[in-house]
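Chemist: To start, I am sharing the structure in question, which I have written as structure tokens.
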Amino acid sequence: MIFLSKKNLFLAFIPLFLLTFLVSNSMNDDTLSGKVIIVDAGHGGVDSGANRPGILEKDINLAVAILVKNNLEHHQAKVILSRTVDSDLSDDCDNQLIQGRWRRDLAARVELVEEHQADLFISIHANVSPSPKSQGAEVFYAAQSSQSKLLADQLQKALNALKKATRKATKADYFVLRRNTVPTALIELGYLTNPKEKELLLDPHYQYELSDAIVQGILNYYMNNPS
Ligand SMILES: [Zn+2]
């Protein structure tokens, strides 16, 4: 057993106090207090999304979505995941006028916004390309929503930092972008068809880095557009 003098005991506890302070500070940050955010893990169930041998887009989307949820909750946001397991949402669609499993699945995701009076909608996907060279995260937004553009710009900027990229957020006409009435962005995390990026997308550490960048993008959006 080692006996520490009073002075040494005090010095020994300084790093511990500092660490506790830093951790509690980052864990209890209330920047997103009062915000309700839908985090949509793309695809699920019978719909695998893009796939390559040994890798299904829907699984990567869910893994990253869960990390984003946990991370956003550290900033006191209320977060609703569109799915927490490997399932599709077509049976959850309340609008009987919408036909077809695929459209009903997407409509059910959009319905979550009204159901939870959400402030923001983030949809998470992973991409494929005919070229194995295609790589990097891409963020999409609906042309008619200026707030969605601001959100997408901040997300793209934060994700670019992971790969020292200079990409700009892009307009697109995807269902969840077009139909949502709150600021919405759709993120393609990277390319399953790029051998190096495929390994990264399967790596829990890189998945965490992606989630961290997404949360940073959301924080920057709110810091630059206080409402
Ligand atoms: Zn997808």
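Chemist: Name the residues in segment 183-221 that are crowded, with 17+ Cβ neighbours inside 10 Å, closer than 30 Å to Lys78 by Cβ and among the hydroxyl-bearing types (Ser, Thr, Tyr), would you?
Modeler: Thr184, Tyr206, Ser211, Tyr221
Chemist: Give the residue that is farthest from the ligand (Cβ to nearest atom), with candidates limited to residues of segment 37-61 that are touching an Asp or Glu at 6+ places or on another chain (Cβ under 7 Å) and outside any loop (DSSP other than H, G, I, E, B).
Modeler: Ile37
Chemist: Considering only residues that are within 29 Å of Leu192 (Cα to Cα) and either open to solvent by 40 Å² or more (accessible area, probe 1.4 Å) or aromatic (Phe, Trp, Tyr) (or both), which ones fall in segment 112-136?
Modeler: Phe121, Val128, Pro130, Ser131, Pro132, Lys133, Gln135
Chemist: OK, next. Please return the ranges of helices (runs of 4 or more DSSP H) entirely within segment 139-227 where 3 or more residues are more than 16 Å from the ligand (Cβ to nearest atom).
Modeler: Here the list reads 146-163, 195-202, 204-224.
Chemist: Next question. Name the residues in segment 73-106 that are more than 22 Å from Leu56 (Cβ to Cβ), in contact with a strand residue (DSSP E or B) (Cβ under 8 Å, 6 or more places away or on another chain) and not in a helix (DSSP H, G or I), would you?
Modeler: Once the filter is applied, which keeps residues that are more than 22 Å from Leu56 (Cβ to Cβ), in contact with a strand residue (DSSP E or B) (Cβ under 8 Å, 6 or more places away or on another chain) and not in a helix (DSSP H, G or I), segment 73-106 yields Ala77, Lys78, Val79, Ile80.
Chemist: Is it the case that some residue within segment 107-120 is within 16 Å of the ligand (Cβ to nearest atom), farther than 20 Å from Val215 by Cα and not in a helix (DSSP H, G or I)?
Modeler: No, the conditions are met nowhere in segment 107-120.
Chemist: Can you find a residue that is more than 14 Å from the chain's Cα centre (by Cα), under 13 Å from Glu188 (Cβ atoms) and at pLDDT 95 or above anywhere in segment 114-125?
Modeler: no
Chemist: Right, something else. Which number in (1) surrounded by 19 or more Cβ atoms within 10 Å (Cβ to Cβ); (2) out of contact with any strand residue (DSSP E or B) (no Cβ under 6 Å at 6 or more places or on another chain); (3) farther than 23 Å from Asn51 by Cβ marks the one condition that Asn180 misses?
Modeler: Against the list (1) surrounded by 19 or more Cβ atoms within 10 Å (Cβ to Cβ); (2) out of contact with any strand residue (DSSP E or B) (no Cβ under 6 Å at 6 or more places or on another chain); (3) farther than 23 Å from Asn51 by Cβ, Asn180 comes up short only on (2).
The values are calculated or read from the model by the stated rules, or taken from the named source; none is laboratory data. Worth saying up front: this structure is predicted, and the values here are computed from it rather than measured. Ideal geometry is used to build each Cβ from the backbone, glycine not excepted, and the neighbour counts take in all protein chains shown. The protein model used for the area step is the full one, side chains on, heavy atoms only, and it has no ligands, DNA or RNA in it. Shrake-Rupley method; radii C 1.70, N 1.55, O 1.52, S 1.80 Å.
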